[in-house]
Amino acid sequence: MTTKRAALRIVLVSGQICSGKSALVRQLQDKHRARVVKTKDLILQKVPKTKDERRALQLAGQRLDSQDGGAWVGEALQRVIDDSTRSETPKGLFVVDSVRITGQVNAIRKAYGADVHHVHLTATEEELRTRFEQRSRLDDQSVTYDQLKSNRTEKGVEKLADVADVVVSTDKCSKESVLVRATALLNLYPRSNDALVDVLIGGQYGSEGKGNIVGHIAPEYDLLIRVGGPNAGHQVYAEPSPEKYFHLPSGTQRAPNAKLLLGPGAVIYPPKLLQEISEHEVSIDRLTIDPQAMVITDADREEEQENYGSISSTAQGVGVASARKMTGRSEYKQDKLKFLARDCAELAPYVGSARKLIADAIVQGQSILLEGTQGTSLSLHHGPYPHVTTRDTSVSGCLADAGIAPSNVRKVIMVCRTYPIRVGGPSGPMDYEVDMQTIHERSRIPLDELRRVETTTTTNRERRIAEFDWVQFKDSVQLNGPTDIALTFVDYFGVENRDAYRFEQLTEETISFVEEVERVSGRPVSLLSTAFNWRNVIDRRAW
């Protein structure tokens, strides 16, 4: 794991009565797990006989300030921070609600220097008075707005705007906008284009062996993201039987400490996903499903089985559900039909914001792996229509489905087979098809093994197979702009490649093929899958 330990950050909040301090503090607590330190509580600790009501607290605070110029707040805060555990403040974020005089601010700045960020909230006098009259204020029933404003310290609070790092007028924007503006300097969400995301996609018609490659590199990442739907199944080697993934990222078990995310562009069949979650023992706090992910219904699956056999659809309901996400907006608005993850009771424990999870990971410098499904030549926009899937399977499409900016991408790994395949039946054009007998004769892999292996993970159909298509490869390179190529099924050039654990141990034919792939693409072949076992990848990466 490469997760950085959170640095200490202290937010001082100031502002007049009803300026919006409590709303900001609650958001920092709820959305960013801040540890809130209330000066009210500090006063009651210092002067325990103080009555717990606003005017009494104002007067007690004034007396403490007059004794040491406000230094008492800094000393009390230091004790809280020293006594706090990592679990209490996982982001190292402390919020002081609220500071009242410059002396308090200066004392805390003197103790913690650049770790201190002072936010001052303000609003017009008319707005402050209106908010006071409208608020639920059990503690203030016996006191008026003018009485509270007459307090000496309260009169001087607005002067703190002169020494604050950020001043926000809360009467001119929403509470959420106040949070964004107030915390821009805290690095709570990305403000830079740190390249922390690696994207892995298929360069052909799917079934390129992406799961095998993901299984090899997954332990290097802190967050694993998958897009697409259950019409694509990925396998990772395991004993006594392979791990199969239809929704979850393929590195789920290989990287047990990594967080898992299904992005807003994902399409989910809840019964199948819940079965996967159970099989792979994924805890609720580990998996996040974006609320806008699409849910497949049984009716969607039935419709595909009835109507889409002519293009060899996997009939998992992904296409119909995806279409409904676009065409069903009016019905959704009229509350006639609910079909997003946020509407599904079975998924409720896992639903959370993909945008926030990704932002948090980027801010913390975590490494992210985005795993695409299917292959580039099945792209709705770029493949041989109508023999395509219902989404864009290129790098750009996967980034959009996950909600990741292109500037955050570090590496793009395009996975290609030595012999591309398509699902059996009328699944679309594929040049220079060969049969399994031919592959058997060339590779000397047993014919029954080839036939057993070359069936689809999702539908268990026999696959069609063809010679490597250099035009398709060139187009996929152009469309995806990979930084690296991962080449799979190199044992199809010779069964002896299964015993190769270093590049130079591969057959001459294989090495020659790799060199041509690198020459045509201008990219290195950084990963080679030689077999389906524990030592199945030759790793030539320089990163």
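Before moving on, here are some points about what is shown:
- Some residue of region 192-212 being assigned to a helix (DSSP H, G or I), out of contact with any Lys or Arg (no Cβ under 6 Å at 6 or more places or on another chain), in contact (Cβ under 8 Å) with a residue 40 or more places away in the chain and not charged (D, E, K, R): yes
- Pick from region 270-293, criterion of a type in the set (Val, Ile, Thr) and in a loop (DSSP other than H, G, I, E, B), ranking: surrounded by the fewest Cβ atoms within 10 Å (Cβ to Cβ): 284
- Residue match in region 378-387 (condition: part of a helix (DSSP H, G or I) and under 22 Å from the mean Cα position of the chain (by Cα)): no
- Residue in region 332-343 that is surrounded by 19 or more Cβ atoms within 10 Å (Cβ to Cβ) and part of a helix (DSSP H, G or I) present: yes
- Inspection of region 75-91 finds no residue satisfying the criterion of being within 20 Å of residue 154 (Cα to Cα) and among the hydrophobic types (A, V, I, L, M, F, W, C).
- Set 105, 96: member being modelled with pLDDT of 95 or more, among the β-branched types (Val, Ile, Thr) and closer than 23 Å to residue 175 by Cβ: 96
- Matching strands (runs of 3 or more DSSP E) fully within region 481-543 where at least 2 residues are in the same structural domain as residue 375 (by TED's automatic domain parsing) and touching a Cys at 6+ places or on another chain (Cβ under 8 Å): 484-488
- The residues on offer are 67, 29, 45, 62, and the sole one that is assigned to a helix (DSSP H, G or I) and either basic (Lys, Arg) or more than 30 Å from residue 150 (Cβ to Cβ) (or both) is 29.
- Residue check: residue 149 meets all listed conditions (1) crowded, with 21+ Cβ neighbours inside 10 Å; (2) assigned by TED's automatic domain parsing to the domain that holds residue 32 but one, namely (1).
- Any hit, region 71-93, residues being among the aromatic types (Phe, Trp, Tyr) and either in a helix (DSSP H, G or I) or surrounded by fewer than 14 Cβ atoms within 10 Å (Cβ to Cβ) (or both): yes
- The residue of region 456-471 that is nearest to residue 426 (Cα to Cα), among those that are at pLDDT below 95 and part of a loop (DSSP other than H, G, I, E, B), is 461.
- Of all residues making up region 235-269, the number that are part of a loop (DSSP other than H, G, I, E, B) and aliphatic (A, V, I, L, M): 5
The values are calculated or read from the model by the stated rules, or taken from the named source; none is laboratory data. Quantities reported herein were computed from a predicted structural model and do not represent experimental measurements. Cβ atoms come from the backbone with ideal geometry, glycine included; neighbour counts cover every protein chain shown.
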